[in-house]
There are 2 protein chains.
Amino acid sequence: MTMNYLLQQAPQNLPILQASFGLERESLRMNAAHHIAQTSHPEKLGSRNFHPYIQTDYSESQLELITPVSSSTKEARRVLGAITEVAYRSMEADEYLWPLSMPPKASEEDIRIAQLDDAFEYQYRQGLGQRYGKLLQSMSGIHYNMELGPDLIQQLFETSSYSSRLAFTNDLYLKLAQQFLRYRWFLTYLYGASPIAETGFLKEDLEHPVRSLRNSSYGYVNASTIHVSFADLASYVRDIEHYVETGDLSAEKEFYSAVRLRGHKHNRAYLTEGIRYLEFRCFDLNPFDTLAISQETLDTVHLFALALLWIDSPEQVDETLKTATELNNQIALAHPLTPLPLEADAQTILDAMEAIISHFQLEEYYQDLVDTVKQQLAQPELTLSGQLVRQVKDQSLQEFGRMQGQTFHDHAWSAPYALKGYEEMELSTQMLMFDAIQKGVHLEILDEEDQFLKLWHKDHVEYVKNGNMTSKDNYVVPLAMANKTVTKKILARAGFPVPAGAEFSSKAAALRYYGQIEKRAIVVKPKSTNFGLGISIFQDGANLADYEKALDIAFLEDTQILVEEFIAGTEYRFFVLDGRCEAVLLRVAANVVGDGIHTIAELVDLKNQDPLRGRDHRSPLEIINLGEIELLMLDQQGYRPDTILEAGQKAELRGNSNISTGGDSIDVTNQMDESYKQLAADMATSIGAWVCGVDLIIPDTTLPSSKETPNCTCIELNFNPSMYMHTYCYQGPGQALTPKIIAKLFPEIV
Amino acid sequence: MTMNYLLQQAPQNLPILQASFGLERESLRMNAAHHIAQTSHPEKLGSRNFHPYIQTDYSESQLELITPVSSSTKEARRVLGAITEVAYRSMEADEYLWPLSMPPKASEEDIRIAQLDDAFEYQYRQGLGQRYGKLLQSMSGIHYNMELGPDLIQQLFETSSYSSRLAFTNDLYLKLAQQFLRYRWFLTYLYGASPIAETGFLKEDLEHPVRSLRNSSYGYVNASTIHVSFADLASYVRDIEHYVETGDLSAEKEFYSAVRLRGHKHNRAYLTEGIRYLEFRCFDLNPFDTLAISQETLDTVHLFALALLWIDSPEQVDETLKTATELNNQIALAHPLTPLPLEADAQTILDAMEAIISHFQLEEYYQDLVDTVKQQLAQPELTLSGQLVRQVKDQSLQEFGRMQGQTFHDHAWSAPYALKGYEEMELSTQMLMFDAIQKGVHLEILDEEDQFLKLWHKDHVEYVKNGNMTSKDNYVVPLAMANKTVTKKILARAGFPVPAGAEFSSKAAALRYYGQIEKRAIVVKPKSTNFGLGISIFQDGANLADYEKALDIAFLEDTQILVEEFIAGTEYRFFVLDGRCEAVLLRVAANVVGDGIHTIAELVDLKNQDPLRGRDHRSPLEIINLGEIELLMLDQQGYRPDTILEAGQKAELRGNSNISTGGDSIDVTNQMDESYKQLAADMATSIGAWVCGVDLIIPDTTLPSSKETPNCTCIELNFNPSMYMHTYCYQGPGQALTPKIIAKLFPEIV
């Protein structure tokens, strides 16, 4: 084996950090009474038959959160965060995830085997329960999958003496697996976090807290009769197959090892098709971190793995690993506050880590990580188990687990309109991503800034941009809706109410039109309006001089102008999806309502406390500013910021009802007469839109609507209507729309 | 009847000019030998069973060009122009339209009855041939349909004493019809244009040229036994029905009158559903105008019609109309250069026209029209027949007809890439409109500036924007193609060749990548490029310092940068439609090739003579400018504008191959290896695009392509690929693409 030599000879600009990562985190669901939840796997999470992100592990209450392959540790942790958040918000609101690897106080009866449809999986779990005990199977950990980058492998291969890339890759991963097992104790020391078992878990009491019960002989290990060689791949494959044949293992996957070869279902395939990646299985849940593993740990382990490739391989593999297993067990069962035994040669690892940093000139961040490890080596109280042991009370971590679990629960439920880690994306897209993860639709962000998602289930792929731009709409319909003239013509031709009006390219022609609008409420506007420039509104009709002036103003902005009927009434947004109106929203201009006590400025501050209010469209509602426009608006009503309004008295702060300037969103879906919803849906259908925001002006919602007597006018159709504003409202229950998009795109999974 | 009173009492701002118009023009197809063409109705025009724009009238060679309803005379004439042009360019290239109402020298045998599928229509024509003679039926005219505006009628109705709008409208149109017949002689005087018949047409020779044979008793009139009353609608309906019952008329439509009530198939419907518009049928073809009727005539007739409503109605309708018919016949048969007889009271009409102008303050244009009419009244030689009589040679207009017909033919065939009257629209849209008209697909421009068309056939509606943005593409696919990152990911995932590369958001990460691209040709560029800013190309690989500099430059433009493989080779555009590559184009940078005689400046001038070259994308190729950039380019090659290049020697004028900067388009569809076309088609299919411009860089087109060994790289997919550039090329046959769009949108008509 010359792997370490290869690395040491590699050029500085070798893509040493190129790798991909995947995480699998297990955790028990807990109920409000702080017992293992006896509820079934959350229905909101759809089907476990295919869910790529959220599964159940051994028991019905043991969630397994699985990230897709990610091109960096940062990305892996970000997506784990999203999956964790979805898991939390899909459980009963008072359930939470047990943050510790060791289960809470519980008995065998509290553990219900996962109710999977797959008969083999259920029987397999039953067998494990009989062999190891159901409680033992409820220990949880986090698995760290790592694949070295293709360019990294290719460049190393090219400078090697190997002629087969497959053989090279297999040897590379096998060396890494060997070294991992050899130096596994290093991770047990740093990240072991299962110091005690709650009463009843072990047959005999421990004499003292330890680093990691789970990584010790008390943990999740095969019978001592099972010996699998890691000396070469053929032996490894043969040994495991042997135990399966003899029935000592019920399946290949029952071979528990701190590292597992991955990429194929059956080990034998590695011989011909190659190992694709490794799974490191020794990580206890870090109860101080909401995701059970910190960013620093992920990167330290990455560097550690690279260091393992730098270090000379052992000559006598199986002998070396046997000794290493014993050393690891010793360190795992040592008191957390004791130092490493002398035979644990940490310096070799530290040197290799630093050699990697220096040889490949890695960023300072990596040296900082090594420095942290050095401190932890010097001060055991800085290790995870060292910190955790301080939380033990009455030989129990029950109270600490409750506290941390509750904190993480509250964190997951905060700002529920967003998906943490993705807050720079549009709210509607964040919501849609939440729903996709929840239902087990595969998700990939193709372009984050462009809100461009790829969603798929089996062979069925759907692309989504901006939350609802999908394959379900045909291309020309949104283009028609983007053009007001075209929209109006299509709607009018189909017999729907639109503002009457005419388009003019000459003032003479527009003046000739005066007789037709003389006594009517009208709007004169340039055909293309920018920021409302050139618009004149005459609510009580215009005299000829004013009309002429309005024409001049409009013609300053465009060569074509519109003279349209002005429609009085209240504007409502109808959200139509696939022929059905799913939500109706009333938007009200920014305002405060008095209480006889507070000044207007104080009322604004109070209103801004609403957790739904934020800035820059990162929240469903916007913070109200008391700026120039608002002060002018107050002044016009005879108010100042220090005016104290009487109870119920309203002060308007804006003339426009936009949410973006602090307006209120009021969900009136349930109150709105069905006839208007039907009309809006019919309008969308008539233009051929799958998704459509229909803006109707309704003078009197108590009158019903029909196509013949609409009692309303459509002023706009919107081709990419906002969804989040219907969901998280200032007032009203709110309507969840993004789940409907997912359900319509993937009817086969609902 | 108080119609004139109503008009005279109406407010000045009555929308008096509000009306819609439709034109129907007949003309005989002529062959190169200047005989009536014996060819069948042009196949290119699709099916006469439904064609809304181009039909055959009486004989197989008599085209009938029919405009849709237009909201102004200008619009009606514009669309007539388009239909005329389509008709011309759908006939044999040497056929032309006979510009005169009177047929050319011909015999009964030259007239083949239109070969219509409809048995009734064929028999009806056979009957007419027997009754009137086939040659007589070959006289051609132009019909002028006019509907008064809804607001105009409504406002007049509101101030009337009528309680039924239907009764009011019927009376209004009936009055207009009466008055039209009463004063028809006025139009015969001005616009009569059938002064002589060619030898053999009439049984006896005329003594002198006349104004309008077609509008005289020699013309296309019913038997003298047919008397239909215009006194009231009931009598009108009853009289015609009577003659149909007795067999004196074979159908209601055989009643020939200079004005016809319109809007329903059967006259009786007018009684219950109302007259919708009038058809004025007395217009001879104006052989001086390419469209057979001038804009001024259209507007003069419009004003004339309004004047008719201003003038008191006759008391004794039928008696008055009988006298009027005689007067019209007298004027029609008078020598073109004679003045009107005294009993023809033109002054009443002129006064009414001027009253309309002054009462409703119409623009000066209308007074100019009246002034022209006054001159024509004073000088008969200014009337159409007055002008035409001067063209009579040897008692024949054959030579004049040939000359005018040829001129109009050449006009229609000039700039064949455009659709005259619509030159402000995109070329591809103009071509698509041409094809729609040709195949008889209904066409409406919903927004001209936005290139937004409505096309329909029966109930099947399709909207088209920019020539190929249609319902056939789903919404998200063009959005994916608009995003280069997304496109690349999708293509790469599907196994197609795209430039290798990576995206970076930090310089450190990009520098670490250096080892992977050290010796390769690369491009460093900001993710979003504007006008090529921030792009560095290293065709022979970059040294680290240059690479670092390139990163800095790129990061100045964007927070994300791309380092991509630079692909050497020639770029080709593959136009893919519905899974098939329909055209391949090579674009070559602006250049001239020497001839050993001309200077470069002269060569540029010569090249710019190409009728395909124009400015501002109004032509398929652009004029080459010898501007600063071109001069610099020449200088780099050691040339000046006055350099005389040797024969075959090429001077490059631009570094970029854009057509918009004077580049050449070369159609290589037939030469390109099928394997590349298939690959391009497969790429479009894999992203789900119906229409797609695939840009491939091919180093060597002699090598075949396959998905496994593509021998090319895709650098871009275009979601709204230009079509015209494939059709009218600098070199190569060119590929017509827009007809394929029409055929795919409307497979039922092909």
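Residues being under 19 Å from A:S140 (Cβ atoms) and not polar (S, T, N, Q): count how many of those fall in the stretch A:175-194.
Going through the stretch A:175-194 one residue at a time, the tally reaches 6.
Would you say B:L455 is more than 7 Å from every other protein chain (Cβ to nearest Cβ) and closer than 30 Å to A:I561 by Cβ?
On the way: more than 7 Å from every other protein chain (Cβ to nearest Cβ): yes; closer than 30 Å to A:I561 by Cβ: yes.
Yes.
Consider A:Y218 against the criteria (1) in contact with a strand residue (DSSP E or B) (Cβ under 6 Å, 6 or more places away or on another chain); (2) farther than 26 Å from A:D171 by Cα: it satisfies all of them except one. Which criterion is unmet?
So A:Y218 meets the others, but not (1).
Could you tell me which of the residues B:K744, B:K677 is within 27 Å of B:L455 (Cα to Cα), assigned to a helix (DSSP H, G or I) and either touching a Cys at 6+ places or on another chain (Cβ under 8 Å) or in contact (Cβ under 8 Å) with a residue 24 or more places away in the chain (or both)?
Values: B:K677 fails: within 27 Å of B:L455 (Cα to Cα).
Answer to the check: B:K744.
Quickly run through the stretch A:370-419 and pick out the residues that are small (G, A, S) and either assigned to a helix (DSSP H, G or I) or open to solvent by 20 Å² or more (accessible area, probe 1.4 Å) (or both). It would help to see each step written out before you state the result.
The first filter runs over the stretch A:370-419 and keeps only residues small (G, A, S), leaving A:378, A:385-386, A:396, A:401, A:405, A:412, A:414-415, A:418.
If the condition is that a residue be small (G, A, S) and either assigned to a helix (DSSP H, G or I) or open to solvent by 20 Å² or more (accessible area, probe 1.4 Å) (or both), then A:A378, A:S385, A:G386, A:G401, A:G405, A:A412, A:S414, A:A415 are the ones that fit.
Residues that are open to solvent by less than 20 Å² (accessible area, probe 1.4 Å) and under 30 Å from A:Y724 (Cβ atoms): find the helices (runs of 4 or more DSSP H) completely inside the stretch A:448-565 holding 2 or more of those.
Fully inside the stretch A:448-565 and qualifying: A:476-481, A:484-493.
Is one or more of the residues making up the stretch B:213-222 of a type in the set (A, V, I, L, M, F, W, C), closer than 27 Å to B:K265 by Cα and out of contact with any His (no Cβ under 9 Å at 6 or more places or on another chain)?
Initial filter on the stretch B:213-222 (of a type in the set (A, V, I, L, M, F, W, C)): B:213, B:221.
This time we only want the ones that are closer than 27 Å to B:K265 by Cα, so: B:221.
From the residues that got through so far, the ones that are out of contact with any His (no Cβ under 9 Å at 6 or more places or on another chain) too are B:221.
Scanning the stretch B:213-222, I find at least one residue that is of a type in the set (A, V, I, L, M, F, W, C), closer than 27 Å to B:K265 by Cα and out of contact with any His (no Cβ under 9 Å at 6 or more places or on another chain), so the answer is yes.
If only one of B:A689, B:A684, B:A651 is part of a helix (DSSP H, G or I) and buried (at least 18 other Cβ atoms within 10 Å of the Cβ), which one is it? Write out each step before concluding.
Details: B:A689 fails: part of a helix (DSSP H, G or I); B:A651 fails: part of a helix (DSSP H, G or I).
Going through B:A689, B:A684, B:A651 in turn, the sole match is B:A684.
Which of the residues belonging to the stretch B:14-51 are without any contact (Cβ under 8 Å) to a residue 40 or more places away in the chain and either closer than 21 Å to B:G81 by Cα or touching a helix residue (DSSP H, G or I) at 6+ places or on another chain (Cβ under 7 Å) (or both)? Break it down into steps so the answer makes sense when it comes.
If we filter the stretch B:14-51 for residues that are without any contact (Cβ under 8 Å) to a residue 40 or more places away in the chain, which is where we start, we get B:33, B:43.
Listed by number, the list holds a single entry, B:E43.
Only residues that are under 20 Å from B:K105 (Cβ atoms) and of a type in the set (D, E): list them for the stretch B:380-434, please.
B:D394, B:E399
Yes or no: B:L206 assigned by TED's automatic domain parsing to the domain that holds B:L377, open to solvent by less than 20 Å² (accessible area, probe 1.4 Å) and over 23 Å from B:A231 (Cβ atoms)?
Considered against the rule, which asks whether it is assigned by TED's automatic domain parsing to the domain that holds B:L377, open to solvent by less than 20 Å² (accessible area, probe 1.4 Å) and over 23 Å from B:A231 (Cβ atoms), B:L206 comes out as no.
Do you know which residues across the stretch B:497-536 are away from chain A (no Cβ under 14 Å) and of a type in the set (S, T, Y)?
Correct list: B:T529, B:S536.
Quickly run through the stretch B:203-239 and pick out the residues that are touching a residue at least 12 places away in the same chain (Cβ under 8 Å), part of a helix (DSSP H, G or I) and of a type in the set (G, A, S).
Passing the criteria: only B:A234.
When the residues of the stretch A:427-452 are filtered to those that are within 14 Å of chain B (Cβ to nearest Cβ) and touching a Gly at 6+ places or on another chain (Cβ under 9 Å), which remaining residue is nearest to B:T485 (Cα to Cα)?
Filtering first and then ranking leaves A:Q451.
Of the numbered conditions (1) farther than 26 Å from A:N145 by Cα; (2) at pLDDT below 95, A:P104 satisfies every one except a single condition; which is it?
Tallying (1) farther than 26 Å from A:N145 by Cα; (2) at pLDDT below 95, A:P104 fails exactly one: (2).
Across the stretch B:714-736, which residue is farthest from B:S414 (Cα to Cα) among those that are touching a Gly at 6+ places or on another chain (Cβ under 9 Å) and open to solvent by less than 20 Å² (accessible area, probe 1.4 Å)? Before the answer, list the steps.
Of the residues in the stretch B:714-736, the ones touching a Gly at 6+ places or on another chain (Cβ under 9 Å) are B:716-724, B:726-728, B:730.
Restricting the remaining residues to those that are open to solvent by less than 20 Å² (accessible area, probe 1.4 Å) gives B:717, B:721, B:723, B:726.
Working: B:L717: 34, B:P721: 25, B:M723: 20, B:H726: 19 Å.
For the stretch B:714-736, the residue satisfying everything is B:L717.
For B:Y422, state whether it is at negative phi and facing chain A (nearest Cβ under 10 Å). Full working, then the answer.
Working: at negative phi: yes; facing chain A (nearest Cβ under 10 Å): no.
No.
Hey, could you check the stretch A:136-145 for residues that are surrounded by 23 or more Cβ atoms within 10 Å (Cβ to Cβ) and hydrophobic (A, V, I, L, M, F, W, C) and say which is farthest from the other protein chains (Cβ to nearest Cβ)?
Among those residues, the one meeting the criterion is A:M139.
Give the residues of the stretch B:614-645 that are acidic (D, E) and surrounded by 11 or more Cβ atoms within 10 Å (Cβ to Cβ), sorted by residue number. Talk me through it step by step, then tell me what you get.
Taking the stretch B:614-645 and keeping what is acidic (D, E), we get B:616, B:622, B:628, B:630, B:635, B:642.
Within the stretch B:614-645, B:E622, B:E630 qualify.
Would you point out which residue out of B:A344, B:A305 is assigned by TED's automatic domain parsing to the domain that holds B:G149 and more than 36 Å from the chain's Cα centre (by Cα)? Working first, answer last.
Numbers: B:A305 fails: more than 36 Å from the chain's Cα centre (by Cα).
Selected residue: B:A344, the only one of B:A344, B:A305 that is assigned by TED's automatic domain parsing to the domain that holds B:G149 and more than 36 Å from the chain's Cα centre (by Cα).
Filter the stretch A:458-480 down to the residues that are away from every other protein chain (no Cβ under 11 Å) and of a type outside the set (G, A, S) and list them by number.
If we filter the stretch A:458-480 for residues that are away from every other protein chain (no Cβ under 11 Å), which is where we start, we get A:458-460, A:467.
Scanning the stretch A:458-480 gives A:K458, A:D459, A:H460.
The values are calculated or read from the model by the stated rules, or taken from the named source; none is laboratory data. Just so it is clear, the structure is predicted and the values come from calculations on it, not from any experiment. Methodologically, a virtual Cβ is constructed for each residue, glycine included, from the backbone with ideal geometry; neighbour enumeration extends over all protein chains shown. To get the accessible areas, we keep the full protein, side chains included, count just its heavy atoms, and leave off ligands, DNA and RNA. Shrake-Rupley method; radii C 1.70, N 1.55, O 1.52, S 1.80 Å.
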